[in-house]
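To start, the structure itself, in structure tokens.
Derivation of every value follows stated rules applied to the coordinates shown; laboratory data play no part. No experiment lies behind these values; they were computed from the predicted model shown. Neighbour counts are summed over all protein chains in view; Cβ atoms, including those assigned to glycine, are modelled from backbone coordinates with ideal geometry.
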Amino acid sequence: MIQEHTPAPLFSLLNAENVEKNLADYAGQWVLLYFYPKDDTPGCTTEACAFRDNTPFYEDIGITVIGISKDTPKSHKAFKEKY
């Protein structure tokens, strides 16, 4: 288990546009990673929408927010478009 406030291991995943993104692409930047169980479920939607609604705050302080779940890029895209 990764401890809070420690660097994440490098990894690559497909995003909602089916494009591979690497954590290494954000080297030297602040990244807030949050993990959620499933797209379009009540708790996960509330959490994702809270990050979305606070995007200007995170951008102002130079933080990129990335949400990760086991869902497919297609599911992520539908979730993103819906909310």
- Message: What pairs come out if I take residues in the range 20-47 that are closer than 24 Å to residue 6 by Cα and pair them with residues that are hydroxyl-bearing (Ser, Thr, Tyr) and outside any strand (DSSP E or B) whose C-beta lies under 8 Å away, six or more apart or interchain?
- Response: 32/58; 35/69; 36/69; 37/69; 44/36; 44/69; 47/36
- Looking only at the range 1-58, count how many residues are within 13 Å of the chain's Cα centre (by Cα) and among the aliphatic types (A, V, I, L, M). 9
- Considering only the range 8-36, state which residues are charged (D, E, K, R) and either part of a helix (DSSP H, G or I) or in contact with a Phe, Trp or Tyr (Cβ under 6 Å, 6 or more places away or on another chain) (or both). 25
- Any chance residue 62 is over 23 Å from residue 82 (Cβ atoms) and without any contact (Cβ under 8 Å) to a residue 60 or more places away in the chain: yes
